[in-house]
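Every read-out reported here was derived from the displayed coordinates using simple, explicitly stated rules and does not represent laboratory data. Please read these numbers as outputs of a predicted model, since none were measured by experiment. Because the Cβ atoms are built from the backbone with ideal geometry, glycine has one as well, and the counts that use them run over all protein chains shown.
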Amino acid sequence: MVTEVNPFPATLGRICPHPCEAGCNRAGKDGAVAINALERFLGDWGLRQRLGLQRLEEDPKPESIGVIGAGPAGLSFAYQMARRGYRVTVYERNAKPGGMLQYGIPEYRLPEDILAAEVGRILALGVELKLGTGIGREVSVAELKAQHDILFLGIGALRARMLDIPGEVGGSVWTGTEYLASINRGEPPALGAEVIVVGGGNTAIDAARSARRSGARVTLLYRRTRQEMPAIAAEVEDALAEGVTLTFLAAPVRVDRMGTEVSSIVVQQMLLGEPDASGRRRPVPVVGSEYQLPASALIAAVSQEPDWEGLEELAPGANWIQSAQHGRIDDALWAGGDALGLGIAGLAIANGCRAAEALHAQLRKREQPVSRARAAIAGNAIKSNFYSDLPRAVAPEVSVSDRLAAPGVEVRGTISEAQFLKEVERCFSCGLCFGCEQCFMYCNGGGFSRLEEPMPGTYFALKHDACEGCRKCIELCPCGYLSAEPMG
């Protein structure tokens with residue numbers, strides 16, 4: 001069940017860059033399985049069916065749990081603890097839960113009602129949510145420690161950095177997170193006709209596409225090339241289709257103003273030098289290459305970090321908190337998500353899940369959980385010719401003209417049930433038996449027998465004393481399930 005580890009399938013199915021698909025062995029045949037689209041279908045189906053989240057343990061636990069931040073990490077942790085019987089209170093300084101899911105992602109990518117419905121299922125488990133309650137502001141850290149046995153830090157990275165260039169202080173200049181949050185609060189700022197967005201990540205692309213929906217002409221500046229852009233490739237393509245101009249190897253060096261109003265941005269051309277600490281080639285300014293771009297507004301979306309105001313005693317002198325395995329800081333303090341370092345929402349949700357499992361084991365004096373990950377099945381272990389060619393599912397999309405005419409309309413739709421059923425058939429079932437019967441049909445010694453009660457991944461039993469060691473079953477197994485290597 002997908003919600004065993006992720007209570008946000010409809011949300012992640014919309015926003016996740018699905019790095020898992022890059023490792024799909026089907027990619028070399030006719031395209032990776034559309035894992036993201038499958039997850040979204042299941043999430044939407046569950047919401048339509050009004051399916052609740054399931055508890056694991058009914059007996060109430062004595063410990064009280066406090067969660068700082070109602071973002072993906074904090075809510076994931078709260079969900080996993082609540083379903084195990086703990087009393088959980090989540091503290092959120094904003095007016096709505098969700099963190100960056102609520103305030104950092106535009107409506108055309110993630111409708112608010114979808115996120116609210118998935119958050120609501122977590123709260124239905126008995127999680128108490130206190131909105132407008134900033135720790136270190138409305139409630140002190142000392143008060144929080146007095147009220148709860150365990151604290152979890154899931155504050156995210158909502159504080160964005162500026163560019164540190166002359167002229168940026170003043171009106172008509174925003175960070176990407178400020179701009180997107182204002183839109184999601186229903187308070188979009190006036191941008192004017194010419195908007196410059198700086199950055200190459202998802203926040204920059206979201207800001208550029210949102211600004212384009214205001215009717216402005218939008219130019220996005222990125223100091224490296226398209227190849228180094230960390231933004232989701234499909235979102236970059238959407239930005240181009242919607243009329244956003246992408247200018248690479250360019251960085252702003254000054255904001256010019258007419259009085260208090262932004263009038264232009266002075267831009268410097270860049271070259272790529274040697275790789276830096278990130279492994280990407282470092283941008284190097286080209287001397288004497290400055291030029292001006294007309295501008296009425298500037299949106300800087302270059303970097304973010306956690307806001308530790310009021311929480312300094314929990315993370316003294318650090319932008320990012322350091323933790324041990326599974327987010328453990330000490331017995332009574334755990335952390336996850338962007339508080340540990342910038343990452344995608346899926347990673348934050350996984351952080352919250354793993355921290356909850358480890359904490360539960362610690363509190364109940366049980367063995368620590370082991371990794372769910374199975375060993376990767378290399379592509380050469382898959383007999384791809386056994387499988388028929390099947391086209392990858394493609395989700396419906398709203399036309400560019402319609403999406404610009406209705407800025408809040410969701411650009412991509414959910415695949416149909418028929419598409420879903422066809423897409424799951426494309427899975428190679430890597431390393432997991434799917435009952436193809438190749439071993440059963442071709443075994444010389446008749447060593448395989450059908451199970452009376454088969455389950456996914458388990459369809460046949462092998463009588464070891466009947467095996468002749470011919471290895472034919474291994475050679476014929478299309479999914480890499482059968483192997484001469486000992487099972488680990």
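Observations
- Listed peptides 61-71, 120-130 by packing density, highest first (mean Cβ within 10 Å): 61-71, 120-130
- Its Cα gyration tensor gives region 68-145 an equivalent ellipsoid; the semi-axes, largest first and in whole Å, are 21, 17, 9.
- Extending 7 Å from Cα along the Cβ direction at residue 107 and again at residue 394 yields two label points whose distance is 2.9 nm.
- Measuring r between the beta carbons of residue 237 and residue 368 and using R0 = 51 Å, the FRET efficiency lands at 0.75.
- Computed [θ] at 222 nm, deg cm²/dmol, the chain (DSSP H ≥ 4; -39,500 (n - 2.57); rounded to nearest 500): -7500 deg cm²/dmol
- Sequentially through region 411-427, phi angles give Karplus couplings (6.51, -1.76, 1.60; θ = phi - 60°) of 5, 9, x, 8, 5, 6, 4, 5, 5, 4, 5, 5, 5, 5, 5, 6, 5 Hz, Gly and Pro residues having no value and appearing as x.
- When the Cα positions of 435, 173, 288 are compared along the charge dipole of the chain, 435 comes out farthest toward the positive end, with charges on each C-beta of Lys, Arg, Asp and Glu.
- For the chain, dividing the convex hull volume of the Cα atoms by the residue count gives 182 Å³ per residue.
- C-alpha long axis of helix 35-48 to longest principal axis of the chain, angle in °: 90 degrees
- Sorted peptide list for 278-291, 39-52, 204-217, 134-147, criterion being average Cβ within 10 angstrom, highest first: 204-217, 39-52, 134-147, 278-291
- Given R0 = 60 Å, the distance between the Cβ atoms of residue 286 and residue 444 translates into a calculated FRET efficiency of 0.25.
- Over region 159-305: Rg over Rh, Cα atoms, Kirkwood Rh: 0.94
- Between residue 331 and residue 116, the modelled labels are 4.3 nm apart [label points 7 Å from Cα along Cα→Cβ].
- Overall dimensions of region 352-464, expressed as equivalent-ellipsoid semi-axes from the Cα gyration tensor (√(5λ), whole Å, largest first), are 38, 29, 13.
- Both radii are taken from the alpha-carbon atoms of region 153-239; with Rh as the Kirkwood radius, Rg/Rh is 0.95.
- Principal axis dimensions, largest first and in whole angstrom, of region 431-488 by Cα: 27, 23, 20
- Mean separation of Cα pairs under 8 Å and 6 or more residues apart, divided by the residue count, gives the chain a relative contact order of 17 percent.
- Region 159-305, relative contact order in percent, only Cα pairs under 8 angstrom and at least six apart counted: 33 percent
- C-alpha long axis of helix 72-82 to longest principal axis of the chain, angle in °: 40 degrees
- Taking the C-alpha atoms only, the angle from helix 345-363 to the longest principal axis of the chain is near 60 degrees.
- Cβ-Cβ distance of residue 378 and residue 472, R₀ of 22 Å, FRET efficiency by 1/(1 + (r/R0)^6): the value works out to about 0.60.
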